[in-house]
Amino acid sequence: MKDFKHQKTHFFSRSRYRRILGFLLLVLLIVALPFLYLFFTQKQQTIHRGTPTPGPVNPVPGPVSSTVKRVEISILDNIKQNGFNSQAPGLWVNWRYGTDPLQTNINGSGIAGGPGSGHDPLTDIRYLHNLWLYTSQNPKDTRYESEIAKYTPIVKAEFAGTTSQRGWLFDEEFLDLYNLSHDTFYRDAAKGMAVGYAKAIDPSVGIFYKKNDLYPQGYYRPSDDLEAACALIQAGTLFNHPTWVQQGQTMLNFLYAHAYIPTYHTFADQMDQVLTPSGTVNPNIMRTGGISQMIISLLHTYQMTHNRDFLSKAEDLLAPLSLPENSLGMWDSSNLGYFTSVVFGGTTPQQPGSITVTKGKKEAGRQILMLWAFHLANEFTHNKYQEMEKQMFTIALNKAYYAPGHGVVYEIKPDWTLLTFPNHTPEDAVTTEAMGIELESLFALQNNGF
């Protein structure tokens, strides 16, 4: 009997233990379910590129400093206070800070145009992107939430079903806006761009191009087509559409065969006479311009595909713009920064002739894209371009940023002093394009997205 009672008591204790344990596990599961849901839905709402070539990256000193944040807030506050053109609706092209009444949309002669004198939707989406970047990097700061609410419907109206050939919109704007906001409009807009590019390609040539009365045989901007090619490759990889990858690679091959200048490791700015009168492909005259966004597109494509050919192509374009090589001569060693452009004396990419650097002015804002390009390249090359990133970081804060105007002007003298309009007034109008680029490049130093 004693043994029986002992066994019965032991059996009863284990049974109670199992019930208690089961109850506790049930409670734990009920508590954990909401958190698991948030985790997995958040994970699904973020597009990850990955880091194919990880390495120790030493960030440029100062990106999280109070100085950088003061510049970011100064520019954003200026746009918030002065930038809205209700008639557009959207942002003014530029304005003179501190004028009363505010002088807006100043033209090349120095005359203010005011309402109805021009609007660039690309500046609206850059501004909205920067608002989201600031908010994501300063989550406890809600000062720009009303601006996000204000410009979101404006941007959606401007870019619904967009057919823009500015391929950088795909990765620099739409994909990152989707990651920041989790609004599927931006993901769908990015995918829609890829659909449009795929349809716009002339299959007999391999790219898309335009025609008009002046250029009846067709013309194109290599930067637009290269960025579109990279967008197709990224979209094909992201959305599992191999045909897009193939079309993008075909475009890229065409551009390197017909617009790339192997002697100088750069691209023409514009190509015309795409076709001969008989309809065959014809390389012809060209001009060169900024290639920073082409570099960023190639780096983003490498980040998405892990194909080292894209990294090699990006580094090839960076080389003539980097020290100590500076083979194009665009870097100003005396005053820092890049001159606006170089002009080729030849007639084709294969016979480019000698180069002449245009040294009369600099584009204050557009060259700051090189800060973003060098920073992104450093993430994949073990800081190979760290010195150039530091140089561009200094320029962004101490040269391009125009403190009296709380922004960035369009063009500047080589020594970073103001130019003068034909009507003898200073070119001190800050522009939404230049300010948008300055902000995106500074935020890129901390952005965990693209």
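Filter the stretch 393-450 for residues that are closer than 14 Å to Leu369 by Cα and among the hydroxyl-bearing types (Ser, Thr, Tyr); which is surrounded by the fewest Cβ atoms within 10 Å (Cβ to Cβ)?
Only one residue fits best here, namely Thr394.
Among the residues of the stretch 211-235, count how many are out of contact with any helix residue (DSSP H, G or I) (no Cβ under 7 Å at 6 or more places or on another chain), within 15 Å of Met251 (Cβ to Cβ) and not small (Gly, Ala, Ser).
Adding up the residues that qualify gives 3.
Quick check on the stretch 344-356: of everything there that is touching a Ser or Thr at 6+ places or on another chain (Cβ under 7 Å) and surrounded by 13 or more Cβ atoms within 10 Å (Cβ to Cβ), which residue is nearest to Val409 (Cα to Cα)?
Result: Phe344.
Checking Arg49 against (1) of a type in the set (Lys, Arg); (2) in contact with a strand residue (DSSP E or B) (Cβ under 7 Å, 6 or more places away or on another chain); (3) at pLDDT below 90, which single condition isn't satisfied?
The failed condition is (2).
Taking Ile285 and the conditions (1) modelled with pLDDT under 95; (2) of a type in the set (A, V, I, L, M); (3) crowded, with 24+ Cβ neighbours inside 10 Å, which numbered condition does it fall short on, given that it satisfies the others?
Only one criterion is unmet by Ile285, namely (3).
Do you know which residues across the stretch 189-217 are β-branched (Val, Ile, Thr) and at pLDDT below 90?
Across the stretch 189-217, the qualifying residue is only Val205.
Can you confirm whether Val357 is in the same structural domain as Thr417 (by TED's automatic domain parsing), in contact with a Lys or Arg (Cβ under 9 Å, 6 or more places away or on another chain) and over 19 Å from Ile295 (Cβ atoms)?
When the stated conditions are applied, Val357 does not pass them.
Does Lys390 fit the bill of being farther than 24 Å from Leu311 by Cα, in the same structural domain as Ala112 (by TED's automatic domain parsing) and among the basic types (Lys, Arg)?
no
Can you find even one residue in the stretch 393-414 that is in the same structural domain as Leu311 (by TED's automatic domain parsing), in contact (Cβ under 8 Å) with a residue 60 or more places away in the chain, farther than 28 Å from Tyr178 by Cα and basic (Lys, Arg)?
Yes: one or more hits.
Counting only residues that are part of a loop (DSSP other than H, G, I, E, B) and of a type in the set (A, V, I, L, M, F, W, C), which one in the stretch 306-333 is nearest to Gly360 (Cα to Cα)?
Met330
Of the residues Gly114, Gly118, Gly167, Gly110, which is in contact (Cβ under 8 Å) with a residue 40 or more places away in the chain, in the same structural domain as Ser223 (by TED's automatic domain parsing), among the small types (Gly, Ala, Ser) and farther than 23 Å from Ser297 by Cα?
Gly110
Between a first residue in the stretch 220-237 that is assigned by TED's automatic domain parsing to the domain that holds Tyr302 and a second residue that is of a type in the set (Asp, Glu) and part of a helix (DSSP H, G or I), which pairs have beta carbons less than 8 Å apart while being 6 or more apart in sequence or on different chains?
Going by the 8 Å Cβ cut-off, the qualifying pairs are Cys230/Asp171; Ala231/Asp171; Gln234/Asp171.
The values are calculated or read from the model by the stated rules, or taken from the named source; none is laboratory data. Note that the structure is a prediction, hence the values are computed from the model and not measured. Note that each Cβ is placed from the backbone with ideal geometry, even for glycine, and that neighbours are counted across all protein chains shown.
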